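Chemist: Structure provided below as structure tokens; questions to follow.
The values are calculated or read from the model by the stated rules, or taken from the named source; none is laboratory data. Small disclaimer: the values here were computed from a predicted structure and weren't measured. All Cβ positions, glycine included, derive from the backbone under ideal geometry; neighbour counts span all protein chains shown. Ligands, DNA and RNA are stripped out before the accessible areas are found, and what is left, the full protein with its side chains, is counted by its heavy atoms. Shrake-Rupley method; radii C 1.70, N 1.55, O 1.52, S 1.80 Å.
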Amino acid sequence: MRPTIGQPIVDTTDGALKYEGYTDDEIFRIAVENYKQCLAWADDYGVTINIETHGPYTTNAEFLMRLFRHFESERLRFNFDTGNTYISGNDPVEYLKQFRKYVSHCHIKDVSPGLAAAMRGEETGIGCSEVPVGGGVNAENIKKCLAFLKETGWNGVVSIECYGADENIRKSIEFLRPLVA
């Protein structure tokens, strides 16, 4: 029997800013060393490490794909976040299509029109939707992402990330339920 820590999946990301004084190649080498050490432990304890789109490196498709291809490990997977991918200036549907084979978890997040106008392409992540999922500018992308996952037979976990007001949660569930049924 394999030892366990009681947590099958752990999420990681890269942070909000690029590291001054380092090239992307240097950061890549550091990330490889860090994940190499973590993946050895993950294998020993039966844990999957998810990389979430949230920072300047994880919202850079070339960097992230390079990392996944370097390891090609069942222990290194992807936590796709619709809101972070959108706010970073990427097309969530196209981003998801590139990384579909690595996706094990999805954070479903919408983006308010005001936040999108002020921050899209300037930031790489947001904590949660201020509006209910389906009530922002990312609603159509969310529909398309979930449809794509369904079409490709994906069987993972979807979680809602919205401001925790009762009304936001209710509306988010109403929007998402028919999409994931």
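Chemist: Every residue in the stretch 96-142 that is within 26 Å of Arg177 (Cβ to Cβ), within 16 Å of the chain's Cα centre (by Cα) and among the polar types (S, T, N, Q), please.
Modeler: If the condition is that a residue be within 26 Å of Arg177 (Cβ to Cβ), within 16 Å of the chain's Cα centre (by Cα) and among the polar types (S, T, N, Q), then Ser104, Ser129, Asn138, Asn141 are the ones that fit.
Chemist: Restricting attention to the stretch 1-41, which residues are among the aliphatic types (A, V, I, L, M), at pLDDT 95 or above and within 19 Å of Tyr102 (Cα to Cα)?
Modeler: Let us first name the residues in the stretch 1-41 that are among the aliphatic types (A, V, I, L, M), namely 1, 5, 9-10, 16-17, 27, 30-32, 39-40.
Remaining after also requiring at pLDDT 95 or above: 27, 30-32, 39-40.
Of everything in the stretch 1-41, those that are among the aliphatic types (A, V, I, L, M), at pLDDT 95 or above and within 19 Å of Tyr102 (Cα to Cα) turn out to be Ala31, Val32, Leu39, Ala40.
Chemist: What is the residue count in the stretch 159-181 for residues that are surrounded by fewer than 17 Cβ atoms within 10 Å (Cβ to Cβ) and not charged (D, E, K, R)?
Modeler: 9
Chemist: Identify, by number, the condition in (1) more than 19 Å from Gly15 (Cβ to Cβ); (2) crowded, with 17+ Cβ neighbours inside 10 Å; (3) hydroxyl-bearing (Ser, Thr, Tyr); (4) in contact with a helix residue (DSSP H, G or I) (Cβ under 7 Å, 6 or more places away or on another chain) that Ser73 doesn't meet.
Modeler: Condition (2) is where Ser73 drops out.
Chemist: Suppose the filter is surrounded by 15 or more Cβ atoms within 10 Å (Cβ to Cβ), within 19 Å of Asn90 (Cβ to Cβ) and touching a Phe, Trp or Tyr at 6+ places or on another chain (Cβ under 7 Å); does Asn50 pass it? Walk me through how you get there before you give the answer.
Modeler: Working: surrounded by 15 or more Cβ atoms within 10 Å (Cβ to Cβ): yes; within 19 Å of Asn90 (Cβ to Cβ): yes; touching a Phe, Trp or Tyr at 6+ places or on another chain (Cβ under 7 Å): yes.
In short, yes.
Chemist: Can you report the number of residues in the stretch 120-150 which are over 18 Å from Phe78 (Cβ atoms) and either charged (D, E, K, R) or in contact with a Pro (Cβ under 9 Å, 6 or more places away or on another chain) (or both)?
Modeler: 10
Chemist: Quick one: Ala117 ticks every box in (1) aliphatic (A, V, I, L, M); (2) in a loop (DSSP other than H, G, I, E, B); (3) open to solvent by 40 Å² or more (accessible area, probe 1.4 Å) bar one, so which box is it?
Modeler: Here Ala117 meets the rest and fails (2).
Chemist: Kindly indicate the residue of the stretch 136-158 that is small (Gly, Ala, Ser) and in contact with a strand residue (DSSP E or B) (Cβ under 8 Å, 6 or more places away or on another chain) and also surrounded by the most Cβ atoms within 10 Å (Cβ to Cβ) among those meeting that condition.
Modeler: Checked the stretch 136-158; the qualifying residue surrounded by the most Cβ atoms within 10 Å (Cβ to Cβ) is Gly136.
Chemist: Then there's this: Write out, first by first residue and then by second, each pair whose Cβ atoms fall under 9 Å of each other, whose residues are 6+ apart or on separate chains, and whose first residue, in the stretch 47-67, is within 16 Å of Asn34 (Cα to Cα) and of a type in the set (Phe, Trp, Tyr) while the second is modelled with pLDDT under 95 and surrounded by fewer than 19 Cβ atoms within 10 Å (Cβ to Cβ).
Modeler: Tyr57/Gly15; Tyr57/Lys18
Chemist: How many residues are surrounded by 15 or more Cβ atoms within 10 Å (Cβ to Cβ) and in a helix (DSSP H, G or I) when one looks only at the stretch 53-70? Let's see the steps before the verdict.
Modeler: Initial filter on the stretch 53-70 (surrounded by 15 or more Cβ atoms within 10 Å (Cβ to Cβ)): 53-61, 63-64, 66-68.
Narrowing further to those that are in a helix (DSSP H, G or I): 61, 63-64, 66-68.
Total satisfying the criteria: 6.
Chemist: Is it the case that some residue within the stretch 34-49 is β-branched (Val, Ile, Thr) and in a helix (DSSP H, G or I)?
Modeler: Looking for residues that are β-branched (Val, Ile, Thr) and in a helix (DSSP H, G or I), one finds none in the stretch 34-49, hence no.
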